[in-house]
Amino acid sequence: MKNIFLWILIAPFVASSTAAAQGRGNPPPMPTSERVPSSLMTFFVTSEPIGNGGNLGGLAGADAHCQALATAAGAGGKTWRAYLSTQARPGQPAVNARDRIGTGPWYHPKERLLDYLKRRLSRPIIQSEIHGDTLAEAQRGSNLTKEFALTEKGELVNGIGDPLPTRHDMLTGSQPDGRAFTDNADHTCNNWTSNSTGSAQVGHSDRVGYGNQSWNSSHATTGCSQTDLVSHGGVGLFYCFAVN
Amino acid sequence: MKTVLVLTAVVALSGLATSVAVAQHGMPGGTPMTFFVTSEPIGDGGNLGGLAGADAHCQTLARAVGVGNRTWRAYLSTQARPGQPAVNARDRIGSGPWYNFDGVMIARDVAHLHGDTIEMARLGNNLTKRTGLTEKGQIVPGLNDYKVPRDSEWEYSRTTPYTNRHEMLTGSQLDGRAYPPELDYTCNNWTSNLDPAPGQQGGLEAGPGRPNVQIGFPDRNGGGNGSWNSSHGTNGCSQTALNRTHGVGMFYCFAAN
């Protein structure tokens, strides 16, 4: 029972972290240079799913979704790619998510250059670090945190501990190193065309859940329908990266 | 669907949205606690009274919440000295698995905790802001929690328990082993509360003759990178220097048996 009182003591402050991060309460006037998304944005989480389960209309459909959301937010001048792999098919080689997204570094929708140069608290993500290409990089972990993985509107994505529904499952179809799976099982909802049978590999945008912290390859879904995705704490969101 | 039902049940039962983290991997009271973050620092900067003093702090905090029957060890390394070999934090903490206050597993074993292979390291262990709980079950306030300009002043932090205090003393490298002896990464093996002399101040890293300690983040989110055990150094070893970068001198405790 003792811990309940401690929870009561600390819960409001933990719960208020979201509000604090968004500057709610007594917000200072926002200069035009702080508009969201920032002109530096080269990474976001889709604010909305396509809504048809694992059927995204293939890679082309997913890329178009990224581009449409970016355009609506005023960042359509860049070329956006969905962070998704596809598996090899007869006469059709696999596509690795990590090879689709350019070279980075990538900045989140609220990035301001001053933050990066002066405070070191906000920083871009880079290819080798998010994929743990060396042992030290993998041990240190990715800087892609819940506070980094904002939607194109600059909003946090609900994760573990936030009000339900949880939306932290990100479709990737990828292994932790960002490459396509090479076995015969389905990890991509049939290369993003199935909304019924099959399975998709997902990561967690808040880095919490399923016993690991992977942002891109935490666990598989039990199916590919929209309902299957929702039952696991996702709605079919994915990551978008600007290649230029 | 199962997850959703469990989450819903726990929320309904407890009425506390913040405890949903409990539901995902375990239930309260299920597995005995064998890992915690100290709810309080010793309070003398990097002077913990050596490894023995730090272990005693773990043991005292554990006893206060009824788990003093185990042998508790602070997750700290010491550097080699003449006639005295280095001690690696990873070698002090038993073999696991370790569970937090909520019964959630932090890591299966030493290799999982540290990511000894690149495959394990890419997935990471299960220490997050939601699982890195104190012996009383509290989440450790971290980056973006209750941001106020004074949260890097010790006098303010001391009396304001919900300000950012996410820097855990470890004195360790990413693999959980001690640093070579030349530069200070352990506040002189947990006996120093000194700050750098004028002219010796530097960035958050070790330097010749500079009192310094390596820290990590239970919320995996801080200056430069998100390592839980080896992110960066400090401004010095005094209590005020630790607090300047949002630490208060807390550390990890593991049950070795």
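Bear in mind that the values in this text are calculations on the coordinates, not laboratory data. Since we're looking at a predicted model, the values are computed, not measured. In this analysis, Cβ positions are derived from the backbone assuming ideal geometry, glycine residues included, and neighbour counts consider all displayed protein chains.
Of note:
- Surface/4 of the Cα convex hull for segment A:136-244, nm²: 7.9
- Among B:L48, A:L237, sorting on how many other beta-carbon atoms sit within 10 Å of each Cβ, with the fewest leading, yields A:L237, B:L48.
- Per residue Cα convex hull volume in Å³ - calculated over chain B: 133
- Residues A:E34, A:E147, sorted so that the one with the fewest Cβ neighbours within 10 Å comes first: A:E34, A:E147
- For segment A:48-98, a Kirkwood hydrodynamic radius built from all Cα pairs, placed in the Stokes-Einstein relation at 20 °C and 1.002 mPa s, yields a translational diffusion coefficient of 179 µm²/s.
- Surface/4 estimate of mean projected area, convex hull on alpha-carbon atoms of segment A:33-242, nm²: 11.5
- Chain B: most fluctuating residue of B:Y156, B:Y179, B:Y75 per GNM, C-alpha cutoff 10 Å: B:Y156
- With eigenvalues of the C-alpha gyration tensor scaled by 5 and rooted, the protein assembly as shown, Å: 38, 25, 23
- The protein assembly as shown, helix-only ellipticity at 222 nm - DSSP H runs n ≥ 4, -39,500 (n - 2.57), divided by all residues, nearest 500: -6000 deg cm²/dmol
- Site pair A:A88 and A:S128 shows an inter-label distance of 2.8 nm when each label is modelled 7 Å from Cα along Cα→Cβ.
- A simple charge model with +1 on the Cβ of Lys and Arg, -1 on the Cβ of Asp and Glu and nothing else charged puts the dipole of segment B:32-255 at about 300 debye relative to its Cα centre.
- Residue of B:Q201, B:Q214, B:Q173 that the Gaussian network model of chain B assigns the largest fluctuation, springs spanning Cα pairs under 10 Å: B:Q201
- FRET efficiency, 1/(1 + (r/R0)^6) with R0 30 Å, evaluated for A:L164 and B:S95 via beta carbons: 0.20
- Over segment B:43-101, volume per residue of the alpha carbon convex hull, in Å³: 105
- Rel. contact order, % - alpha carbon contacts under 8 angstrom, at least six apart, chain B: 26
- D (Stokes-Einstein, µm²/s), Kirkwood Cα radius, segment A:197-244, 0.890 mPa s at 25 °C: 215
- Projected-area mean, segment B:126-257, by convex hull of Cα positions, square nanometres: 8.7
- Cβ-Cβ distance of B:E182 and B:E40, R₀ of 35 Å, FRET efficiency by 1/(1 + (r/R0)^6): the value works out to about 0.60.
- Shown here for segment B:128-235: trypsin sites (Lys or Arg not before Pro) in loop regions (DSSP other than H, G, I, E, B) with at most 15 other Cβ atoms within 10 Å, namely B:K147.
- Rg to Rh quotient for segment B:59-198, alpha carbon positions, Kirkwood Rh: 0.98
- Note on A:D183 and B:T117: their simple-model spin labels are 1.4 nm apart, each label 7 Å out from Cα toward Cβ.
- The A:E155 and A:D99 beta-carbon pair, evaluated with R₀ = 25 Å, returns a calculated FRET efficiency of approximately 0.30.
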